[in-house]
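Q: After the structure tokens below, expect a handful of questions from me.
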Amino acid sequence: INNDSFELIQNVIEEVYDSEKMGKMIIGKNWEEINTSEREKFLLVFERFIVVNYLRRFSKINQLDFDHQKIQMIGNKFRLAKFLLKADNEIIQLDYLLHHKNKRWKIIDVIIEGSISEVVTKKADFNKIINEKGVLGLISNLELRNSF
């Protein structure tokens with residue numbers, strides 16, 4: 001993990017993820033109570049959090065391959081892109097939930113093994129911190145986690 005790999009993954013995340021939509025979904029009812037400055041700070045640190053998590057997860061893998069399985073339509077506004085991730089000797093099912101934004105399909109959730117939603121997992125984790133320390137406490141917590 002270095003600055004070059006960070007910038008590469010950050011560019012991909014900015015291009016294919018709707019981190020604002022994900023952030024709203026994760027923060028939930030508290031989103032409307034957060035002022036604009038705190039929202040902007042959260043979104044910056046949250047997007048970095050996504051990048052750092054990808055780098056940590058994939059940096060130890062020697063052989064990596066994505067095998068696209070299919071795209072499932074969910075109404076007019078959503079798609080579920082199904083992949084098999086082949087990482088070294090392990091195969092993991094990854095599903096990407098996408099929605100249409102600005103004439104492009106953007107990822108708003110990652111579902112691991114068909115049932116573990118990244119948004120739901122982060123929502124439980126982040127809301128616990130918000131309830132204990134507030135949004136600024138969450139931002140500080142994520143900044144600490146974002147170190148590499």
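The values are calculated or read from the model by the stated rules, or taken from the named source; none is laboratory data. Small disclaimer: the values here were computed from a predicted structure and weren't measured. Note: ideal-geometry Cβ built from the backbone for every residue, glycine included; neighbour counts use all protein chains shown. Heavy atoms of the whole protein, side chains included, go into the accessibility calculation; ligands, DNA and RNA do not. Shrake-Rupley method; radii C 1.70, N 1.55, O 1.52, S 1.80 Å.
Q: For the stretch 71-115, name all the residues that are farther than 20 Å from LYS24 by Cβ and open to solvent by 80 Å² or more (accessible area, probe 1.4 Å).
A: Within the stretch 71-115, ILE71, MET73, ASN76, ASN89, GLU90, ILE91, LYS103, GLU113, SER115 meet the criteria.
Q: Please list, ordered by first then second residue, the pairs with beta carbon atoms under 6 Å, 6 or more apart or interchain, first in the stretch 111-122 and in a loop (DSSP other than H, G, I, E, B), second among the polar types (S, T, N, Q).
A: Hits for this filter: GLU113/GLN93; GLY114/GLN93.
Q: Within the stretch 1-43, how many residues turn out to be touching a residue at least 60 places away in the same chain (Cβ under 8 Å) and not in a helix (DSSP H, G or I)?
A: Step one: of the stretch 1-43, the residues touching a residue at least 60 places away in the same chain (Cβ under 8 Å) are 1, 6, 16-18, 21-22, 25-28, 30, 34, 38, 41-42.
Okay, now just the ones that are also not in a helix (DSSP H, G or I), so 1, 17-18, 34.
Final tally of qualifying residues: 4.
Q: For the stretch 116-148, enumerate the residues that are among the polar types (S, T, N, Q) and surrounded by 13 or more Cβ atoms within 10 Å (Cβ to Cβ). I'd like the intermediate steps shown before the answer.
A: Step one: list which residues in the stretch 116-148 are among the polar types (S, T, N, Q), which gives 117, 121, 127, 131, 140-141, 146-147.
Listed by number, the residues that qualify are SER117, THR121, ASN127, SER140, ASN141, ASN146.
Q: Among the residues of the stretch 44-57, is there at least one that is in a loop (DSSP other than H, G, I, E, B) and within 19 Å of VAL110 (Cβ to Cβ)? Before you say what the answer is, go through the steps one by one.
A: Kept after step one, since they are in a loop (DSSP other than H, G, I, E, B), are these residues of the stretch 44-57: none.
No.
Q: Have a look at ILE61, ILE130 and point out the one that is in contact with a strand residue (DSSP E or B) (Cβ under 9 Å, 6 or more places away or on another chain) and on the phi < 0 side of the Ramachandran plot. Quick ask: steps written out before the conclusion?
A: Working: ILE130 fails: in contact with a strand residue (DSSP E or B) (Cβ under 9 Å, 6 or more places away or on another chain).
Of ILE61, ILE130, the one residue that is in contact with a strand residue (DSSP E or B) (Cβ under 9 Å, 6 or more places away or on another chain) and on the phi < 0 side of the Ramachandran plot is ILE61.
Conditions tested, residue by residue: (1) out of contact with any Gly (no Cβ under 6 Å at 6 or more places or on another chain); (2) of a type in the set (Val, Ile, Thr); (3) more than 21 Å from LEU136 (Cβ to Cβ).
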| site | (1), (2), (3) |
| --- | --- |
| TRP31 | yes, no, no |
| PHE46 | no, no, no |
| PHE78 | yes, no, yes |
| ASP95 | yes, no, yes |
| LYS106 | yes, no, yes |
| GLU118 | yes, no, yes |
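Q: Can you tell me which residues in the stretch 44-62 are over 10 Å from the mean Cα position of the chain (by Cα), buried (at least 16 other Cβ atoms within 10 Å of the Cβ) and within 18 Å of LEU94 (Cα to Cα)?
A: LEU55
Q: What number of residues in the stretch 1-43 are more than 20 Å from THR121 (Cβ to Cβ), surrounded by 15 or more Cβ atoms within 10 Å (Cβ to Cβ) and of a type outside the set (Val, Ile, Thr)?
A: The qualifying residues number 6.
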